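The block underneath contains the structure these notes are about, expressed in structure tokens.
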Amino acid sequence: GMFGPTEGSWGGGAVAVDRDGSVYFVGPFSSDTLRFGTIALPRSKPVDGFIVKFDSSGNALWASNQSGLPGNYVQPIKIGLDRGHNAVVLDRPLSNFDTDVLRYDATGSYLWSRSFHWSSDSVCVAVGDSGVVYLARQVPPLRVVALGPGGDSLWTRTEEGLSSGVHGIAADSRGAVH
């Protein structure tokens, strides 16, 4: 149907909408093929992940699986977008407790990935207009990491004094993190 696969089974993931009204979905799938209109994604591992972009009318523009990631099970769970329509996906490899951060360009081509030894259930993501990726670990001690558009580490901040975690992160147009 509109904004979903026309063939194949998939699990829940995350959604984001860009400034032009295009809709992005990420999630896991286990069927042999996941089809969005004329775009077919073959499954490359027992549980694969996908990212798909639809225009504001519900037409699939592109889709990509996560065949290049290590491991046999992946589960994309969060997504963020920058002003240039580049996507950042948080992925939970089902075989461990790490969080993979994946960057895709505006056409859905995979650019880079980084891994953090943080439980993916406790990580928030935001992407600034300049393409800087901000990750926040939600459980104490609070840790915020900034990654450049190319995946390089820009800075890390840790706050020891919080008694509870955070529930989200946002970056404003000036690059400030909230």
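Give the long-range amide H neighbours of PHE36: residues separated by 5 or more places, or on another chain, with amide H under 5 Å away, using H modelled in the peptide plane at 1.01 Å from N.
So PHE36 has HN proximity to THR6, LEU41.
Mind checking the range 99-178 for trypsin sites (Lys or Arg not before Pro) that DSSP puts in a loop (not H, G, I, E or B) and that have at most 15 other Cβ atoms within 10 Å?
Values: sites: ARG103, ARG114, ARG137, ARG143, ARG157, ARG174; in loops: ARG174.
Counting only loop positions with at most 15 other Cβ atoms within 10 Å, the trypsin sites (Lys or Arg not before Pro) in the range 99-178 are ARG174.
How would the range 102-148 be classified by its alpha-carbon gyration tensor: rounded, prolate or oblate, with rounded meaning a/c under 1.5 and the a/b versus b/c comparison settling the rest? Write down the numbers at each step before the final one.
On the way: a/c = 2.66, a/b = 1.78, b/c = 1.50.
Cα axes put the range 102-148 in the prolate bin.
Once a ≥ b ≥ c are taken as the square roots of the eigenvalues of the Cα gyration tensor of the range 13-71, is the result rounded (a/c under 1.5), prolate (a/b larger than b/c) or oblate (a/b not larger than b/c)?
It comes out prolate by the Cα gyration axes.
Pop out the ³J(HN,Hα) list for the range 44-57 in order, Karplus 6.51 cos²θ - 1.76 cosθ + 1.60 with θ = phi - 60°, rounded to Hz; leave Gly and Pro as x.
Each residue of the range 44-57 in turn: 10, 7, x, 10, 9, x, 9, 10, 9, 10, 10, 6, 5, 9 Hz.
Only the coordinates and a few stated rules stand behind these numbers; no lab work does. Worth saying up front: this structure is predicted, and the values here are computed from it rather than measured. Note that each Cβ is placed from the backbone with ideal geometry, even for glycine, and that neighbours are counted across all protein chains shown.
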